[in-house]
2 protein chains.
Amino acid sequence: MKVSTIGECGLIERIRSILPQPRDAVLGIGDDCAALRPAAGTDLLLTTDLLVEGVDFTLQTITPYRLGRKAMGVNLSDIAAMGGLPRAALAVLAMSPDGEIEFVDELYRGLHEEGVRFGVEIIGGDLSASSTLTIGVTLVGEVKTGRAVTRSGAKPGERIWVTGRLGAAAAGLAALKAGCRLRDDQVEIPFEVSESLREAARQAIERHLCPIPRIREGRALAEAGAASAMIDVSDGLALDLVRLCRESGVSATIKADRIPIDQAAAAVAQRFGHDPLAMALQGGEDFELLFTSSWEPADIAAIFPDVVTVTEVGEVQHAGQECRVERQDGSTVTLTGGYDHFGRR
Amino acid sequence: MKVSTIGECGLIERIRSILPQPRDAVLGIGDDCAALRPAAGTDLLLTTDLLVEGVDFTLQTITPYRLGRKAMGVNLSDIAAMGGLPRAALAVLAMSPDGEIEFVDELYRGLHEEGVRFGVEIIGGDLSASSTLTIGVTLVGEVKTGRAVTRSGAKPGERIWVTGRLGAAAAGLAALKAGCRLRDDQVEIPFEVSESLREAARQAIERHLCPIPRIREGRALAEAGAASAMIDVSDGLALDLVRLCRESGVSATIKADRIPIDQAAAAVAQRFGHDPLAMALQGGEDFELLFTSSWEPADIAAIFPDVVTVTEVGEVQHAGQECRVERQDGSTVTLTGGYDHFGRR
């Protein structure tokens, strides 16, 4: 059934019926504003991200449900990067009136389910007609007063760390571009591959389609006071490290052989003729946390007792030079690249 | 100069340089999240609105500066409708990489200037490429704990009031559709008209392009505890009254001869063959406040001592009948209509 058959009011009612009544909000969907009661002794964190069809995603490779999860996940990652606790979301959707209602159902189911995993309720939003499918989430989180971890606190001499492993999302994108598809949880590959490569491709695509926001890890770092600066790796380690350094007024050197390359990413990258290190450095959407710290490695490791790894990749340096990556032979390359929405492709 | 020549990072830096450093925010543009310290004893209000080219506006009739002001203004109106004080905004922009940087400059100048009028600073946002120009604002406001005026508090027997005068925005839209244009503050009309009609058209177009959010009036009503329910008239008095009544579980009758029709709107409507009453009832984007109250008229009037008028237009009634408008001859018409983004046109 087309969206135009039930109209804007009908669609709002339908979305309201998909989403459970929020328990945390003073006021949810159905009024001029949503309302939330801030917890005492907290600062409010606010972030917003748009996903645009043909730019940030294509419906050829992602289901509406996964798209909903991703739209929520990328915003959750921004809250994680401040060390915050996410609380509530507004969702905006601009789409063709000829679009299917079932698409909207699945999208909001994904938004809702990803939110619920991290304690987030959808309490408002907006709908509009548009010839370009556009999904936006605004996320509100909180952090103890004055304890938000910004991008601007890195100091020369500190160590640079990254959570998890990098390159999987970019490898997943490469696999999708080569014609691989994820249907339910099965990967479809249009050519002969080994069972291990099939599994690697599945993992990489899953990672591209469904980022894992590092909320718990970000909060643990903020609560311990361990991170002097933090950013999520959304546009590639290279670009995001440059951003962090720019805001902190420092530079950095990272070591190529320390960068934690995802194994699935490496396998997929090699199969499709990409350089695994380049994917880890310049591929976007890993949504791991990149942070700096004056703490000793053993103390950092103690904050991450469970499945997520954390790796020391380099050192913060004084301003006055470019950020760079050092190869094993001692040669260095200036860090550039990463994803630019308006750059020439 | 095209946006693609400076890229996403360049554009963010340029926008940062247009906007002054926020004084109220803990953290502004340039980090993963913006941060704000909530005032003690307040609830947080959150609202978001998208404006999509070809649906909500056309650049044939609105300058980028005015578009920025409007995108901020429509969100301010939602805060006004809860009786809130607006504080900070996130702005999202999706546009073609071939778009002009000067367009972005002017858009953000408008967003900023309209915000400043009401104490709002732009503290974050997002940029994306898109083939459809889309502007979104998320606004954060605050209201004393538990004092937000919702749509759901109207009770049978209460009076229904509306601020200001209605129909001007719809008349302005009709004038634009007939080929009239506003350049700077001069109106261009492609046919012979009287000086008074020219001035009426200018006022109506101005009202369509630049809504006046009723922040002061909404706050005064909330602080006095005068309004039992409130909504802003964004999609026409008829539809917004129906919405308020649905959320309150009541119905309503309003009197046709009490509806405060804007004089400029009436003149323009008649010139272009429209019914002024229909414009006042079904024309959207007036952004006046519609509210219900058990207070006596003299006490309501005392809250509005200055230039904004307030008019009693009808009475809240028990559920079980449709909302309706009563003509002078005693006949009634069921209220329907107003703007629907996904409806058949």
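List of remarks:
- Residue satisfying condition, being within 14 Å of chain A (Cβ to nearest Cβ) and more than 20 Å from B:E158 (Cα to Cα), within set B:S234, B:S228: B:S234
- Within the set A:D31, A:D43, the sole residue that is within 7 Å of chain B (Cβ to nearest Cβ) and open to solvent by less than 10 Å² (accessible area, probe 1.4 Å) turns out to be A:D43.
- Wholly within region A:74-186, strands (runs of 3 or more DSSP E) carrying at least 3 residues that are surrounded by fewer than 24 Cβ atoms within 10 Å (Cβ to Cβ) and more than 9 Å from chain B (Cβ to nearest Cβ): A:181-183
- Condition met for B:Q328 (more than 24 Å from A:D126 (Cα to Cα) and open to solvent by 20 Å² or more (accessible area, probe 1.4 Å)): yes
- Residue within region A:279-292 that is among the small types (G, A, S), open to solvent by 10 Å² or more (accessible area, probe 1.4 Å), modelled with pLDDT of 90 or more and out of contact with any His (no Cβ under 9 Å at 6 or more places or on another chain) present: no
- Any hit, region B:193-216, residues being assigned to a strand (DSSP E or B) and more than 20 Å from B:R69 (Cα to Cα): no
- Scanning region B:190-217 for residues that are over 13 Å from the mean Cα position of the chain (by Cα) and under 30 Å from B:E296 (Cβ atoms) yields B:R216, B:E217.
- Contacts under 9 angstrom Cβ, first residue in region B:145-163 being within 25 Å of B:A280 (Cβ to Cβ), partner modelled with pLDDT of 95 or more and aromatic (F, W, Y), 6 or more apart: B:V149/B:F291; B:A154/B:F291; B:E158/B:W295; B:R159/B:W295; B:I160/B:F291; B:W161/B:F291; B:V162/B:F291; B:T163/B:F291
- Qualifying residue in region B:249-272 (condition: farther than 30 Å from B:Q60 by Cα and in contact with a Phe, Trp or Tyr (Cβ under 8 Å, 6 or more places away or on another chain)): no
- All of (1) open to solvent by less than 30 Å² (accessible area, probe 1.4 Å); (2) within 13 Å of another protein chain (Cβ to nearest Cβ) hold for A:K70 with one exception: (2).
- Checked against the criterion of being more than 12 Å from chain A (Cβ to nearest Cβ) and out of contact with any helix residue (DSSP H, G or I) (no Cβ under 9 Å at 6 or more places or on another chain), the candidates B:R37, B:R23 yield just one match: B:R23.
- The selection criterion, being open to solvent by 60 Å² or more (accessible area, probe 1.4 Å), more than 14 Å from chain B (Cβ to nearest Cβ), at pLDDT 90 or above and in contact with a Gly (Cβ under 9 Å, 6 or more places away or on another chain), does not hold for A:A302.
- Extreme residue, farthest from the other protein chains (Cβ to nearest Cβ), among residues of region A:47-67 that are touching a residue at least 40 places away in the same chain (Cβ under 8 Å) and within 15 Å of the chain's Cα centre (by Cα): A:R66
- Single unsatisfied condition, A:A319 versus (1) surrounded by fewer than 16 Cβ atoms within 10 Å (Cβ to Cβ); (2) out of contact with any Gly (no Cβ under 6 Å at 6 or more places or on another chain); (3) farther than 19 Å from A:V233 by Cα: (2)
The values are calculated or read from the model by the stated rules, or taken from the named source; none is laboratory data. Model, not experiment: these values are computed from the prediction. Because the Cβ atoms are built from the backbone with ideal geometry, glycine has one as well, and the counts that use them run over all protein chains shown. These accessible areas exclude ligands, DNA and RNA; they are computed on the full protein's heavy atoms, side chains included. Shrake-Rupley method; radii C 1.70, N 1.55, O 1.52, S 1.80 Å.
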